[in-house]
């Protein structure tokens with residue numbers, strides 16, 4: 001599955017400890033179009049680079065992706 005451009009759920013819902021980002025807080029690198037401003041750059045955290053969009057996680061809408069990722073964050 002290709003990532004839905006402009007979704008941003010994976011940059012909001014989970015915590016990203018290497019950036020000191022808490023869960024359900026917008027990543028400082030997420031721009032106004034919900035795109036990562038450090039995508040492809042060496043300073044992008046490995047956890048972000050390793051994330052692969054899939055239907056089970058991302059669902060069929062941005063709202064479903066947020067709900068799924070909030071749930072996964074809560075249970076892990």
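All of the numbers you see were taken from the coordinates with simple rules; none came from a lab. Note that the coordinates shown come from a computational prediction; the quantities given were computed from them, not determined experimentally. Cβ atoms come from the backbone with ideal geometry, glycine included; neighbour counts cover every protein chain shown.
The table below gives the values:
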{"item": "Inter-site label distance for residue 15 and residue 50 at 7 Å from Cα along Cβ, in nm", "result": "1.6 nm"}
{"item": "Computed over the stretch 4-44: relative contact order in percent, which uses C-alpha pairs under 8 Å that are six or more apart", "result": "35 percent"}
{"item": "Extension reserve of the residue 57-residue 5 stretch, reckoned as 0.36 nm per residue once the Cα distance is removed", "result": "17.2 nm"}
{"item": "Compactness relative to 2.2 N^0.38 Å, alpha carbon Rg of the chain", "result": "1.01"}
{"item": "Computed FRET value (nearest 0.05) for residue 37 with residue 75, which takes r as the C-beta separation and R₀ as 22 Å", "result": "0.15"}
{"item": "Label-point separation in nm, residue 23 to residue 68, each point 7 Å along Cα→Cβ", "result": "1.7 nm"}
